[in-house]
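Below: the structure, in structure tokens.
The values are calculated or read from the model by the stated rules, or taken from the named source; none is laboratory data. Worth saying up front: this structure is predicted, and the values here are computed from it rather than measured. Note that we place each Cβ from the backbone using ideal geometry, even for glycine, and neighbour counts take in every protein chain shown. Protein only, heavy atoms only, side chains kept; ligands, DNA and RNA dropped before computing areas. Shrake-Rupley method; radii C 1.70, N 1.55, O 1.52, S 1.80 Å.
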Amino acid sequence: NGISAKDLQRIMGFGSYETAWTWLHKLRTALVRPEREPLSADVQVDEALVKAGVNELVLVASESGGRVRLAHVENNDTVTCKLFAAGQIAPDAHVVTDGHAGYNATSLEKRTHESVVQTKAERREKDAVQGCHWTISLLKRWLLGTHAGAVRDKHLQAYLDEFAFRHNRRKTKGIGRIAARVIEQLVTRPPRTMRALVD
């Protein structure tokens, strides 16, 4: 489930909260591989408001196989949705969304697109973007439970990356494989100072 900086400070006996916070953020910077495979096949896309100081907008993509991608964005207009799709979703994927106008032929380009507008009653029967709704529900519980709601907008993307990393590896057998992946990515990156992380 991860750990808060306050808990890490207590467990490791660090003299300052800042040291624990810096350690965790250095780890978070290594969780996203630049060459990672985009989501493919059937992908659901939706957006949600996440409390990080104030309510912040997060775009969510959920693959039928269970992988997710999350992005902290300022809005969900066509330009923003296009950038998100280009970076996270394979060009040949089939995309299912709700009826939001930002998901269209311009933002999704050549990907096949199914826009499903549902009432609450219809969603209870079969939710077209259920994967996204589950992801957001788990994310909110994690931010509140593990981090006690202390995450702020400035660093929200780092926490989204950590959540996606954990979520996408929830079925991995053996914690050593996950730790090895993080270490592998850490040693190939330039070091990050606390000042750089704060800025």
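One-quarter of the Cα convex hull surface for the range 7-69, in nm²?
Convex hull of Cα atoms, orientation-averaged projection: 6.3 nm².
Work out, in µm²/s and without decimals, the Stokes-Einstein translational diffusion coefficient of the range 95-137 at 25 °C, 0.890 mPa s, Rh from Kirkwood over C-alpha pairs.
After rounding, the answer is 219 µm²/s.
Whole percent per 5 Å bin, from 0 to the bin with the longest distance: what is P(r) over all C-alpha pairs of the chain?
In order of increasing distance, the bins hold 1, 7, 14, 18, 19, 16, 11, 7, 4, 2, 0 percent.
Which whole-number value in Å² is the accessible area per residue of the chain, probe 1.4 Å?
58
Please list, in order along the range 108-113, the HN-Hα scalar couplings obtained from phi with the Karplus expression 6.51 cos²θ - 1.76 cosθ + 1.60 (θ = phi - 60°), rounded to whole Hz, x for Gly and Pro.
After applying 6.51 cos²θ - 1.76 cosθ + 1.60, I find 9, 6, 7, 5, 5, 9 Hz.
Percent of accessible area on the range 36-168 owned by carbon and sulfur, 1.4 Å probe?
53
Under unit Cβ charges (Lys, Arg +1; Asp, Glu -1), what dipole magnitude, rounded to 20 debye, does the range 1-150 have relative to its Cα centre?
Roughly 560 debye, rounded to the nearest 20.
Give the accessible area for LYS126 in Å² (nearest 10); use a 1.4 Å probe, count only protein heavy atoms, and leave out ligands, DNA and RNA.
Here the accessible area works out near 150 Å².
Hey, how many Å between the Cα centroid of the range 14-79 and the Cα centroid of the range 170-199?
A separation of 15 Å, based on Cα centres.
Mean separation of Cα pairs under 8 Å and 6+ residues apart, divided by the residue count of the range 1-146: what relative contact order is that in percent?
Normalised by residue count, the contact order of the range 1-146 is 22 percent.
From Cα pairs below 8 angstrom and at least 6 apart in sequence, can you work out the relative contact order of the range 63-115, rounded to a whole percent?
38
Kindly work out what percent of the DSSP beta bridges joining two residues of the chain are antiparallel, to the nearest 5.
Beta bridges within the chain, antiparallel portion: roughly 65 percent.
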